Amino acid sequence: MDIPPHLPLEVSPEEVRELGAAVVSRLAEFVAAVPRRPAGAVPDMAAVAELVAPFTAAPPEEGGDLSALLDRLCRAADLAMETAGPRVLAAIPGGGIYTSALAEFFTRTVNRFGGLAAAAPALTAMEESVLRWMAQDVCGLPAGSSGILTTGGSTANLSAVVTARHIRLGESLENGILYVGAQAHHSVAKAARIAGIRERNIRVVPTTGRLHLDVAATAETIRRDRRDGLRPFLLVATAGTTDAGTIDPLPALAALAEEENLWFHVDAAYGGFFRLTERGRRRLAGVERADSVTLDPHKTLFLPFGTGALVVRDPGALAAAHQGTGSVLQDVGSSDALPDYAYRGIELSRENRGTRVWLPLHLHGVAAFRTALDEKLDLAEHAYGQLTGMPALDVPRRPELSTVTFRVRPRDASPEAVEKADEATRKLPRHINASGRVLIYSTVIEGRQAIRMCVVAYATHREHVDEALDEIAAAVAAL
Ligand SMILES: *Cc1c(COP(=O)(O)O)cnc(C)c1O
């Protein structure tokens, strides 16, 4: 390679090509290996300080060799939990499609300012087209709805809580009460705390046996709070719970929120994009009645980590809650035709975040995503069918999306037998994951241990799910 040892900050066109080609050729190897990648190279955290020691050197005064630095980067990326491969059925994988990373490379290279429309109106318009697609086409919100691309579901939920608080409570936070289901993601309670909602004002409402938020119990709690002189302001439903992929009864909750004049937020970080499929659209009916919806393109649009979205019925509400400008910006123009994302969210300086969503959608077409999501629903159904055929397992519910949960079946209903089965369930992932072929995690659902299998990575196909089922059958047989 002809890259000089003292590479200046301003690189020549030849260097742009050579540097890029060097990186792309490493990535081509990585991407080619994705389907083969095992899941099990989980770093040993007991020895982690030693493992990472070679990576902690401070930057040198004189520059180094790109090829050696790329070697180091590749080794660092390999010392990791596999998150790009098809055998990850733990947490909520996504995989990270290459074409989104390419868009990001473009965005970072041209480095336009994404906080204010005037800085790059056409790129802003493209970002806005993606947001309108998510709000109107995916979620079914009315014309005029849009939102903001965030760094993830947690920051989207934070902006949702802040917006609901601003619109419904103004400055008097004292008695504002938020309602959220026991199966909701912990980022909602975290958002509430950050937003200044008192811990004692967060009502965690129980779920029914099917893990759906209990509408009658919610209604009763709201009425009691009103009688006590408190101010209910926000109802959060989950469309695709993280643990079990269950969907709260959205139409009934939307009606309750309307009746009680609460802001209705739907956390669809995991489930939302399944609305691209026919089954998903049916099961996720009611999302279109929300005031705000959290989506996570880095989950169910298979994008690399770092892209979430909050879409809202009324972008004006988002702007009211996130306003703030300084005189340093007084010379920058604005237009009603385009949003200034700095005034819809937390950040001022930001990249053009839409490009990494826009390019994959336009390049592959929406149908490619619809087909992939449909496949994941089929795979979860397939896994459910196979798991219910294993007598040692209890598979409590048919998947509503692409997550199946199961546990070791107790010998009888006695507390001792249940406890023993729970202990066996807790140990099961270690055995399932022992060979390093697949990665599956456990969780706790309603106080009981459960294993969850979440089929979302873009590269996960029938053979990978079957591999996981083989490992599960072997682990169960060894119990
Ligand atoms: C993953 C998830 C979140 C948090 O999203 P991040 O992108 O990890 O911050 C919130 N809600 C639900 C339902 C989720 O599944």
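The values are calculated or read from the model by the stated rules, or taken from the named source; none is laboratory data. All of these numbers come straight from a predicted model, not from anything done at the bench. Glycine also receives a Cβ, built like all others from the backbone with ideal geometry; neighbour counts cover every protein chain displayed.
For this structure, a couple of remarks:
Per-residue answers, yes or no, for (1) of a type in the set (Val, Ile, Thr); (2) out of contact with any helix residue (DSSP H, G or I) (no Cβ under 9 Å at 6 or more places or on another chain); (3) crowded, with 21+ Cβ neighbours inside 10 Å:
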site	(1), (2), (3)
GLY144	no, no, no
ASN175	no, no, no
ALA191	no, no, yes
ARG200	no, yes, no
LEU211	no, yes, yes
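- Looking across ILE222, ILE202, one residue alone is touching a strand residue (DSSP E or B) at 6+ places or on another chain (Cβ under 8 Å) and within 16 Å of the ligand (Cβ to nearest atom). It is ILE202.
- Residue satisfying condition, being over 20 Å from the mean Cα position of the chain (by Cα) and within 13 Å of the ligand (Cβ to nearest atom), within set LEU213, LEU253, LEU262: LEU213
- Residue check for ARG132: part of a helix (DSSP H, G or I) and over 24 Å from ALA252 (Cβ atoms): yes
- Within the option set ALA39, ALA84, being more than 29 Å from ARG17 (Cα to Cα) and modelled with pLDDT under 90 holds for one residue only, ALA39.
- Any hit, segment 470-477, residues being buried (at least 21 other Cβ atoms within 10 Å of the Cβ), under 21 Å from ASP296 (Cβ atoms) and at pLDDT 95 or above: no
- Checking each residue in segment 190-199 for being in a helix (DSSP H, G or I) and away from the ligand (no atom under 14 Å from the Cβ) picks out ARG193, GLU199.
- Residues that are crowded, with 21+ Cβ neighbours inside 10 Å and either among the basic types (Lys, Arg) or free of Cβ contacts under 8 Å to residues at least 60 places away in the same chain (or both) number at least 1 in the following strands (runs of 3 or more DSSP E) confined to segment 239-335: 263-267.
- Residue match in segment 318-339 (condition: within 16 Å of the ligand (Cβ to nearest atom), aliphatic (A, V, I, L, M) and touching a strand residue (DSSP E or B) at 6+ places or on another chain (Cβ under 9 Å)): no
- Number of positions in segment 230-250 that are more than 10 Å from the ligand (Cβ to nearest atom) and out of contact with any helix residue (DSSP H, G or I) (no Cβ under 9 Å at 6 or more places or on another chain): 2
- Filter result for LEU89 (closer than 30 Å to ARG462 by Cα and in contact with a Ser or Thr (Cβ under 9 Å, 6 or more places away or on another chain)): yes
Listed here are the residues, each with its yes/no results for (1) among the aliphatic types (A, V, I, L, M); (2) within 17 Å of the chain's Cα centre (by Cα).
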site: ARG281; (1), (2): no, no
site: LYS299; (1), (2): no, yes
site: ALA309; (1), (2): yes, yes
site: ARG313; (1), (2): no, no
site: ALA317; (1), (2): yes, no
site: GLY324; (1), (2): no, no
site: VAL328; (1), (2): yes, no
site: GLU351; (1), (2): no, no
site: THR355; (1), (2): no, no
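- Conditions (1) buried (at least 17 other Cβ atoms within 10 Å of the Cβ); (2) in contact (Cβ under 8 Å) with a residue 12 or more places away in the chain; number of the one not met by GLN136: (2)
- Within segment 141-189, the set of residues being more than 15 Å from the ligand (Cβ to nearest atom), part of a loop (DSSP other than H, G, I, E, B) and under 13 Å from HIS265 (Cα atoms) comprises just one member, LEU141.
- All positions within segment 288-300 that are within 12 Å of the ligand (Cβ to nearest atom) and among the hydrophobic types (A, V, I, L, M, F, W, C): VAL293, LEU295
- Candidates ALA120, ALA80, ALA84 - the one that is more than 16 Å from the ligand (Cβ to nearest atom) and without any contact (Cβ under 8 Å) to a residue 40 or more places away in the chain: ALA80
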